[in-house]
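Report on the structure given below.
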Amino acid sequence: MAPKVAVLDDYQNISPRHFEHLTSRVEFSYFPDTLNPRLADQQQQLIERLRPFEIIVSQRERTPFSKDTLSALPNLKLLLTTGTRNLAIDSQYCAERGIPVGGTQTRPAGLNSTVQHTWALILNAARHVARDDAAIKRGEWQGSLGMTLAGKTLGLLGLGKLGAQVGRIAVQGFGLEVIAWSTNLTQEKADEQARAMGLPAGSFRAVSDKLAFFREADVVSVHSVLSERSRGIVGREELAAMKQTALLVNTSRGPLVDEAALLETLNSGAIAGAALDVFEPEPLPADSPWRTTAWGKDGRSEVLLTPHTGYADEQIHGKPNPTMSTTTTTTTTTSDQPPAPPPTHPTLIHVHRSPIPFASGAYSLVSLPAGSLFCKITGTTPAQKAYTSVQTGRDAHIELNSDLVYCNHSCAPTVDFDMHRMEVRVVADRDLQAGDPLTFFYPQSEWEMDQPFQCTCGAGARCRGVIDGAKKMEAGVLREYWLNPHIEEMISEREREEAGSV
Ligand SMILES: [Zn+2]
């Protein structure tokens, strides 16, 4: 019997064409109307609806799966979600029941869509684009004038990957000052993030006092991960500290901001406005207090709303398919470039191919915690030392024969190449994020380099300059990295020789 799959909350009806080729073997049912299991009657409807299914495909944080709901689904064998992190799933309970929870993440390298959406909201709110557009269409003309961003201060609540990308555009594109706050953020970490964005240290200023951060910012943009600790991280006190001319932008998660306090703040006009892409619950109920045209009138603040669309774009999710017609996807290759060979790690590695020598690179399609296995190294063949080969022992080299060959050197690498266990692992001190370049520290495997080079890895003070194999580097520097046993051995040998020759 064909397994039964329930696909939930696909509002744009994007998924059917992607599952088309499986319909002879798998029975798909689509439920685009979201039920909210926080309400007892809807939870019962949800359980009735999902009881027959062995596989559930959920959309990140649309329908939550608590232990209560999951324990009423005896047939469930596999729970899938979009994204890699879905806090709305009780994954501990799934683990106890032996239900695997699977996720996806295949963001293309380059500017993240949430970052782009954050800027769409900041600019729109600062320049009253949506408000004035509606006014013109009603037959009116100018309202109040917009805010000029240059010289103002952008406050980033959270300085992770997304926050830092928003900050880079603020500095380079609009001449904004950038300050940042998060629990435990130090100036050192802020400088590290600035350098990772190609900006000088000091471009992002860490503010240690949370309320001082809210007092100082002209635009506050929220880029925190939602957890029990960060729930309500923007509360009454923080909103009260904001300038009356300031804007609040939230593209992260609804519950990070205390909704009741924000509604009160905006209804009393205590800040200039808010631009929100995220809510709790989603979709917004029909009677939600956000759904009113009274914003901006009678002393209320301006409010700009989008329906949680920042995370997605057509590139990732495909074009909406309202007719459910059968469309076949074709890959086009431009005539002036030879077709690329098929990828060897299609779910793990995106290869960016450049016609410029040494400018190609590999990017991760997955997010993994520090120290975890990225992939096994397979399909290698013995080789002579060359610029494409990797050293596996004192006198042994191999050719990788896979897309791993596009992993470039960096002095602040994202992965380690363990040529003894034949594994690529995420470095021990930093998580790997989807979209990160896959880079390793060449001297961790190479004693001598076939082609020494001037490093341009952009790791700031951590960059070691000319990279010419472990043989030419100080042991102290090398030991800041994970090293292959053959390199360890040869360093120790060198040290013994140096000690003996004194
Ligand atoms: Zn470097």
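The values are calculated or read from the model by the stated rules, or taken from the named source; none is laboratory data. Since this is a predicted model, take the numbers as computed values, not measurements. Glycine also receives a Cβ, built like all others from the backbone with ideal geometry; neighbour counts cover every protein chain displayed.
What are the pairs with Cβ atoms under 9 angstrom where one residue, in the stretch 200-215, is in contact (Cβ under 8 Å) with a residue 60 or more places away in the chain and part of a loop (DSSP other than H, G, I, E, B) and the other, located anywhere, is crowded, with 17+ Cβ neighbours inside 10 Å and not basic (Lys, Arg)? Sequence gap at least six, or different chains.
Short answer, once both residue conditions are applied: Ala201/Ala190; Ala201/Asp191; Ala201/Glu192; Ala201/Ala194.
I'd like the full set of residues that are in contact with a strand residue (DSSP E or B) (Cβ under 8 Å, 6 or more places away or on another chain) and either within 16 Å of the ligand (Cβ to nearest atom) or part of a strand (DSSP E or B) (or both), limited to the stretch 385-410.
Correct list: Ser389, Val390, Gln391, Thr392, Ala396, His397, Ile398, Glu399, Cys407, Asn408, His409, Ser410.
Report yes if Gly465 is free of Cβ contacts under 8 Å to residues at least 60 places away in the same chain, within 13 Å of the ligand (Cβ to nearest atom) and out of contact with any Pro (no Cβ under 8 Å at 6 or more places or on another chain), otherwise no.
yes
Mind checking which residues of the stretch 72-87 are touching a helix residue (DSSP H, G or I) at 6+ places or on another chain (Cβ under 9 Å) and either over 18 Å from Leu8 (Cα atoms) or part of a strand (DSSP E or B) (or both)?
Scanning the stretch 72-87 gives Leu79, Thr82.
Going through the stretch 23-41 one residue at a time, which ones are at pLDDT 90 or above and hydroxyl-bearing (Ser, Thr, Tyr)?
Ser29, Tyr30
I need a count of the residues in the stretch 88-141 that are among the polar types (S, T, N, Q), modelled with pLDDT of 90 or more and either in a strand (DSSP E or B) or over 30 Å from Pro64 (Cα atoms) (or both).
1
Sort out which residues of the stretch 225-255 are in contact (Cβ under 8 Å) with a residue 60 or more places away in the chain and within 27 Å of the chain's Cα centre (by Cα), and write them in order of number.
Val225, Leu226, Ser227, Ile233, Val234, Leu247, Val249, Thr251, Ser252, Arg253
Taking Thr456 and the conditions (1) under 20 Å from His352 (Cα atoms); (2) within 16 Å of the ligand (Cβ to nearest atom); (3) buried (at least 16 other Cβ atoms within 10 Å of the Cβ), which numbered condition does it fall short on, given that it satisfies the others?
(3) is the only condition that Thr456 fails.
Per-residue answers, yes or no, for (1) within 16 Å of the ligand (Cβ to nearest atom); (2) farther than 24 Å from Arg195 by Cα; (3) not in a helix (DSSP H, G or I):
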| position | (1), (2), (3) |
| --- | --- |
| Pro443 | yes, no, no |
| Tyr481 | yes, no, yes |
| Met490 | no, yes, no |
| Ala499 | no, yes, no |
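Given Val166, Val171, Val178, which one is over 19 Å from the mean Cα position of the chain (by Cα) and either touching a residue at least 40 places away in the same chain (Cβ under 8 Å) or assigned to a strand (DSSP E or B) (or both)?
Criteria check complete, one pass: Val178.
Tell me which residues, restricted to the stretch 411-421, are in a loop (DSSP other than H, G, I, E, B) and more than 16 Å from the ligand (Cβ to nearest atom).
If the condition is that a residue be in a loop (DSSP other than H, G, I, E, B) and more than 16 Å from the ligand (Cβ to nearest atom), then Met419, His420, Arg421 are the ones that fit.
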